[in-house]
Every structure is written in C-alpha cells, then in structure tokens.
Amino acid sequence: MMLVFVIIYQIAKASEYATILRGEEKINARVNRTMAWLLVAFFFLGLYGIFMCHQALIDRMLPISASEHGVEYDSMFLVTLVVTGIVFFITQTALFWFAYRYQASQKRTAFFYAHNNRLEIVWTTIPAIAMAVLVAIGLRNWGRMTGAAPKDAMVVEVVGKQFNWIIRYPGKDGALGKRDFRKINDANNVLGLDWNDKDNMDDVIAQNGELHLVVNKPVSLLIGSRDVIHDVGLPHFRMKMDAVPGIVTTIWFTPTITTAKMKEITGNKDFVYEISCDQMCGKGHYSMRGTVIVETQAEYDAWMAKQQTYYASANPAPAATPAEGAAPEQKTDSVKAITMK
Ligand SMILES: [Cu+2]
C-alpha cells in the first residue's frame, strides 16, 4: 500500500516538473484527456465489480421463499431493485459520459446556465413520487405482516435469552398461561410460568428448542425476551421481529413449504430452516440459532403427542395442586391468554 502511494506521489512530482519544462497548456490538455479516459475506465471497472460480486454471492442466496408473506416481500424487493437499478444505470452513465464528453478544451467556452425552475420541478417530483410509491408498498406489506393474524392461526411463544430460544406451545386448551419474570429460574421454570394459572398446566416447552409449524397453517408468534434485546430472524420465511424484554411483539405468517420439500428443492439433504438472532446480543450471539421444522398436520400431531407438559417435566414429584396460600398472583410481564380456535 505504502509503495503505491510513493509511486503515485513520484508520478505527480515528475509531471509537475515536466509541466514547468514543457509548457503548462500542452501538459494540462494531456492531463485532462487522461483523466477523462480514467473516469470512463472507472465506470466500466465499477460495472465489472458489480457483476463479480453477483457471481461470487449468487450461491449464497436464500432459496425461494417458504411463506406467503415472503413471496410478497420478494416481489417488493425485486420491484425496488429494478426501479433503483434503472435509475442507477441512467444517472451513472450520464455522469461518466459528461465527464468524458465535456472535458476541458481550449476550443470551447463554458456555457453559464444558472437555474431552471421546470427542470427543478421535474427532477424533484419524479423521484418523490417513485419513492412514495415504493414506501407505500412497503408500508402495506409491513401492516399485513405485523397486523392481526387470521382467527385459525396457531399460536406459539418464542422467547430469547442469552443464548438460545425457548419455544412454548399452548397445549390442548389452545391458551398460553401467564408468566412472571420474577418466577424465572433455570432449574425448573425457564419462562417463569405462574403455576396458579390453569392455562399453564398443559403448556409445552420443546426440549430441544425446536419450532414446529404446520404447513399452510398460519402461525402467530408471540415474541419476548428474558434479558436483552434479541431478534427473531426467519430468513427463509423473510420475516424478522425484535424480541424485547418486558413487552410482547408479534408477527404472523403462513409457511408454505415443508422441511422435507425444501430439502428436495435445494438439493441439500441436511437443509434446516433456522431462527437466527438478528440482534447483536452478547458474546454468544453467533451461536443463538434455533431450528424450525415445517411438517404436515399429521406429523405435527404425532410430535406433539410425544411431548410432556412443561409442568410435568419441571415438577417430577407426584402432581400436586398449587400450594394453599401461594403468593398472590403477579401480573407483571405476563402474556395474555390467547385462545386458538
Ligand atoms: Cu440474541
């Protein structure tokens, strides 16, 4: 790097001496011509760079979207890319063409052109309208993804902690029981479930932290965090949502491709849908990876039938009714019971 700078410096120095020796005007004309050509070269080098980036990264692109929202998202992304791509190409071509075409010349005097209202209006309104349309499409999609889930959606709770995801299913009653952060303990109550709430008795927390979803069935995720801000990133479904301590955030989507089918599509027999933590959350952030399994209703039911309720696995002693005179119910940070169909 240093060497390059030294060489450039020496060339600049040498051309400065040459200017003095050979007459300034002649040299200036040559420098102008060289600069004009260098700008043209820079333009094509830039385009080549874009092409090379594309070639290098094409294999790492995500496979087709595995959710309904994702299809909308991808088409929105494509529209934005095409619109901005066309503008980019026109403006950059004009920029470098002008730099070349109107390089300094002794034969031409500069044309003084100070202001033109019509031009100002045109190049302000067209981009403004284009941007407004793109933003409107984005807002519409955002509203859909974060809005109310369909009535028949299954509900699953996803809670981030340093450094993994805890997934809770509502059990047969379809309702998630209340939880309280003060009841959290890593030994037998990782979410701080309130055992005074009957809705908690049949809730299931997947042992291996897997998020099981049914294909073509909408799912509403209730997202929370036990410590710092995390983010539920579902790249294959084109969804993401912050997991914030103390509040419940939601997203809903409909997975459309089972894990098994996606293995065929990608030709990768080890393919798994992942939950990535999309928010830098500490030294173990990189390892905060959950898995999503999209399966048929029958496969889901079979899997769920094998799950033990969290109450049973957390309280292995003979099932006891909640102790008489238990602490009065604390409602802080509780998740409102949500009823499935
Ligand atoms: Cu995290």
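The values are calculated or read from the model by the stated rules, or taken from the named source; none is laboratory data. If you're wondering where the values come from, they're calculated on a predicted model, not measured in any experiment. Backbone-built Cβ (ideal geometry, glycine too); neighbour counts: all protein chains shown. Just so you know, the surface numbers come from the protein's heavy atoms only, side chains and all, with ligands and any DNA or RNA stripped out. Shrake-Rupley method; radii C 1.70, N 1.55, O 1.52, S 1.80 Å.
Take ASP180 and tell me if it is free of Cβ contacts under 8 Å to residues at least 40 places away in the same chain and more than 20 Å from VAL215 (Cα to Cα).
No, not satisfied.
In segment 261-284, what residues are near the ligand (Cβ under 10 Å from one of its atoms) and open to solvent by 40 Å² or more (accessible area, probe 1.4 Å)?
Answer for segment 261-284, where residues must be near the ligand (Cβ under 10 Å from one of its atoms) and open to solvent by 40 Å² or more (accessible area, probe 1.4 Å): ASP278, GLN279, MET280.
If I filter segment 175-234 down to residues being of a type in the set (D, E, K, R) and closer than 14 Å to SER313 by Cα, which single residue comes out as nearest to the ligand (Cβ to nearest atom)?
In this case the residue turns out to be ASP186.
Looking at MET262, is it on the phi < 0 side of the Ramachandran plot, in the same structural domain as VAL159 (by TED's automatic domain parsing), among the aliphatic types (A, V, I, L, M) and within 16 Å of the chain's Cα centre (by Cα)?
Criteria not met by MET262.
For segment 285-312, what are the residues that are assigned to a strand (DSSP E or B) and open to solvent by less than 70 Å² (accessible area, probe 1.4 Å)?
Those that are assigned to a strand (DSSP E or B) and open to solvent by less than 70 Å² (accessible area, probe 1.4 Å): GLY290, THR291, VAL292, ILE293, VAL294, GLU295.
Restricting to segment 210-246, what's the tally of residues that are assigned to a strand (DSSP E or B), farther than 16 Å from ARG289 by Cα and of a type in the set (A, V, I, L, M, F, W, C)?
Number satisfying all stated conditions: 5.
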